[in-house]
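As structure tokens, the structure follows; a few thoughts come after it.
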Amino acid sequence: GAVVSQHPSRVICKSGTSVKIECRSLDFQATTMFWYRQFPKQSLMLMATSNEGSKATYEQGVEKDKFLINHASLTLSTLTVTSAHPEDSSFYICSAPLGSTDTQYFGPGTRLTVL
Amino acid sequence: GNSVTQMEGPVTLSEEAFLTINCTYTATGYPSLFWYVQYPGEGLQLLLKATKADDKGSNKGFEATYRKETTSFHLEKGSVQVSDSAVYFCALSRANEKLTFGTGTRLTIIP
């Protein structure tokens, strides 16, 4: 099946710093990728849709200046959490659909802890 | 809009028991339906899918049938194992659209 990777898998940073999370489709191209946030024991919350070659589409209530998304190529999307604060601590997961299908493949997730 | 309602957990079963996790949906048209599984500390893995009415998705002993008349996609397994302990998410989507998830059902299998 299709493989999506994320890097790093785990990051701890100080409050006020910025953190970049990478999402890569390893064996397929993805013009669209999705970024989710998951709180403990809860479902996934869609944050934004990343579009290759154009601006990301953010869900209501998600601060686009705080969560910067760049879809640099057909295999890479990045999420940068700017000026991170403890409340940004969470599990961030990306996904990508395979071709024009409706099936999305998920990365393994990135655990962000802001001290 | 689209929505997915999942059986609330947590669910605890003994090994080799029969499993059913209920899932119903509301959507316009004919979305595809999915079950994803999340093991502790990991991302989601696609467990199975069905793309049209009466389709049955199956994988690793799990099955679910797309029932349009009852708008359901219940997950079943005849004999669960300890290694099946995880969180299970029911979801729906169309091509290149975002997934709509249920709240997830935490399953624990005890030996």
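The values are calculated or read from the model by the stated rules, or taken from the named source; none is laboratory data. This structure is a prediction, so every number in the text was calculated from the model and none was measured. Using ideal geometry, Cβ is built from the backbone for each residue, glycine included, and neighbour counts are taken over all protein chains shown. Just so you know, the surface numbers come from the protein's heavy atoms only, side chains and all, with ligands and any DNA or RNA stripped out. Shrake-Rupley method; radii C 1.70, N 1.55, O 1.52, S 1.80 Å.
At least 1 residues being more than 13 Å from chain A (Cβ to nearest Cβ) is the threshold, and among the strands (runs of 3 or more DSSP E) wholly inside segment B:31-70 those reaching it are B:56-59, B:62-65. In the set (1) open to solvent by less than 70 Å² (accessible area, probe 1.4 Å); (2) among the hydroxyl-bearing types (Ser, Thr, Tyr); (3) at pLDDT 95 or above, the condition left unmet by B:Ser58 is number (1).
Every condition in (1) more than 20 Å from B:Leu47 (Cβ to Cβ); (2) assigned to a strand (DSSP E or B) is met by A:Ser15 except one, and the failing one is (2). Of all residues in segment B:8-23, none are within 29 Å of A:Met47 (Cβ to Cβ), part of a strand (DSSP E or B) and free of Cβ contacts under 8 Å to residues at least 40 places away in the same chain. Restricting A:Leu115, A:Leu98 to those that are more than 8 Å from chain B (Cβ to nearest Cβ), open to solvent by 60 Å² or more (accessible area, probe 1.4 Å), in contact with a strand residue (DSSP E or B) (Cβ under 7 Å, 6 or more places away or on another chain) and modelled with pLDDT under 95 reduces the list to A:Leu98. If only residues of segment B:77-111 that are part of a strand (DSSP E or B), β-branched (Val, Ile, Thr) and within 14 Å of chain A (Cβ to nearest Cβ) are counted, the one that is most open to solvent (accessible area, probe 1.4 Å) is B:Thr108.
If we keep just the residues of segment A:21-79 that are open to solvent by 70 Å² or more (accessible area, probe 1.4 Å), more than 24 Å from B:Glu42 (Cβ to Cβ) and in a strand (DSSP E or B), which is nearest to the other protein chains (Cβ to nearest Cβ)? Among those that are open to solvent by 70 Å² or more (accessible area, probe 1.4 Å), more than 24 Å from B:Glu42 (Cβ to Cβ) and in a strand (DSSP E or B), it is A:Thr57.
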